[in-house]
Amino acid sequence: MNLIEELKAKKEASLKVIPEEKLVIMAQSTQNLKNKNISDKALKVGDSVNNFELPNALGNKVRLEDSLSKGSVVISFYRGGWCPYCNIELQALQNLLPEFEKYSTTLIAISPETPDNSLNTVEKNNLSFEVLSDIDNKVAKQMGLVFQLPENLREVYHSFDIDVPKHNGNKDYELPMPATYVINPEGVITYAFIPEDYTERADPKEILNSIK
């Protein structure tokens with residue numbers, strides 16, 4: 001299965017096992033984000049991205065401009081290693097790494113999790129690209145991607161043993177939309193996929209087409 005098929009299968013499987021009352025809360029939360037059109041406020045194709053510096057899973061600083069000096073950069077924002085859809089996406093991106101490298105393109109994943117939790121994600125998914133920690137969503141906020149989990153959805157996540165504050169090292173319950181960007185060496189966005197629905201991710205074929 002490709003990434004889109006895997007995500008669809010995961011969603012269908014979840015619908016069968018998650019209690020109806022929780023599904024309603026989750027669906028309503030997603031719909032509220034769509035109603036607010038928060039993706040409209042995010043950086044889009046043609047916008048420039050400011051340089052940033054974030055720690056990777058080992059705590060070493062990674063600068064965007066250093067990666068851009070080598071070619072284009074693909075940035076995938078994900079919610080956290082606790083999110084099954086994020087793990088499916090990260091594994092799919094790992095499989096694409098040889099294609100990215102063929103076109104002198106650097107792949108970077110970013111989440112609001114602490115470096116220790118990012119390291120867990122790297123090890124769990126056998127990732128060999130940089131996974132960065134955007135503590136307090138500072139970069140994600142600059143990109144216009146951040147939203148806050150509503151109270152009733154927080155309770156649903158707690159019932160799934162998902163402790164967002166523990167993963168992120170704060171208590172603000174803020175997450176980024178799972179956006180994917182391709183940035184050219186000049187720092188300009190040439191591709192953007194910004195879904196309010198966390199079960200949707202960029203089609204790898206579209207990402208590859210944008211860097212070829």
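The values are calculated or read from the model by the stated rules, or taken from the named source; none is laboratory data. Just so we're clear, the structure is a prediction, and the values are computed from it rather than from any experiment. Here Cβ is always computed from backbone atoms with ideal geometry, including for glycine, and neighbour counts include all displayed protein chains.
Just the residues that are loosely packed, with under 15 Cβ neighbours inside 10 Å and not polar (S, T, N, Q), please, taken from the stretch 137-149. Walk me through how you get there before you give the answer.
The initial filter retains those residues of the stretch 137-149 that are loosely packed, with under 15 Cβ neighbours inside 10 Å, namely 138, 141-142, 148.
Residues satisfying the conditions are Lys138, Lys141.
Out of the residues in the stretch 66-96 that are out of contact with any Phe, Trp or Tyr (no Cβ under 9 Å at 6 or more places or on another chain) and charged (D, E, K, R), which is surrounded by the fewest Cβ atoms within 10 Å (Cβ to Cβ)?
So the first thing to find is which residues in the stretch 66-96 are out of contact with any Phe, Trp or Tyr (no Cβ under 9 Å at 6 or more places or on another chain), and the list is 66-70, 80-81, 84, 88, 91-92, 95-96.
Next cut, charged (D, E, K, R) only: 66, 70.
Values: Asp66: 13, Lys70: 11.
Among those residues, the one meeting the criterion is Lys70.
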Residue check, Asn37 modelled with pLDDT under 95, under 19 Å from the mean Cα position of the chain (by Cα) and within 29 Å of Ile211 (Cα to Cα):
yes
Conditions (1) over 25 Å from Asp161 (Cα atoms); (2) touching an Asp or Glu at 6+ places or on another chain (Cβ under 6 Å); (3) surrounded by fewer than 19 Cβ atoms within 10 Å (Cβ to Cβ); number of the one not met by Gly59:
(2)
Does any residue of the stretch 50-67 turn out to be within 15 Å of the chain's Cα centre (by Cα) and among the basic types (Lys, Arg)?
no
Would you confirm whether or not the stretch 121-140 contains a residue that is hydrophobic (A, V, I, L, M, F, W, C), at pLDDT 95 or above and more than 28 Å from Leu208 (Cα to Cα)?
yes
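Out of Leu145, Leu97, Leu149, Leu93, I need the residue that is over 29 Å from Leu23 (Cα atoms) and among the aliphatic types (A, V, I, L, M). Which one? Before you say what the answer is, go through the steps one by one.
Values: Leu145 fails: over 29 Å from Leu23 (Cα atoms); Leu149 fails: over 29 Å from Leu23 (Cα atoms); Leu93 fails: over 29 Å from Leu23 (Cα atoms).
Exactly one of Leu145, Leu97, Leu149, Leu93 is over 29 Å from Leu23 (Cα atoms) and among the aliphatic types (A, V, I, L, M), namely Leu97.
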What do you reckon, is Glu99 in contact (Cβ under 8 Å) with a residue 40 or more places away in the chain, surrounded by 19 or more Cβ atoms within 10 Å (Cβ to Cβ) and either among the acidic types (Asp, Glu) or over 20 Å from Lys124 (Cβ atoms) (or both)?
no
Residues in the stretch 9-27 that are surrounded by 11 or more Cβ atoms within 10 Å (Cβ to Cβ) and acidic (Asp, Glu) total 0
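Please go through the stretch 115-136 and pick out each residue that is of a type in the set (Ser, Thr, Tyr) and either closer than 12 Å to Ser76 by Cβ or buried (at least 19 other Cβ atoms within 10 Å of the Cβ) (or both). Show your work before the answer.
Start the filter on the stretch 115-136 by keeping residues that are of a type in the set (Ser, Thr, Tyr), which leaves 118, 121, 128, 133.
Those that are of a type in the set (Ser, Thr, Tyr) and either closer than 12 Å to Ser76 by Cβ or buried (at least 19 other Cβ atoms within 10 Å of the Cβ) (or both): Ser118, Thr121, Ser133.
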What residue, of Val73, Val62, is of a type in the set (A, V, I, L, M), over 22 Å from Tyr198 (Cβ atoms), modelled with pLDDT of 95 or more and in contact with a Ser or Thr (Cβ under 7 Å, 6 or more places away or on another chain)?
Val73
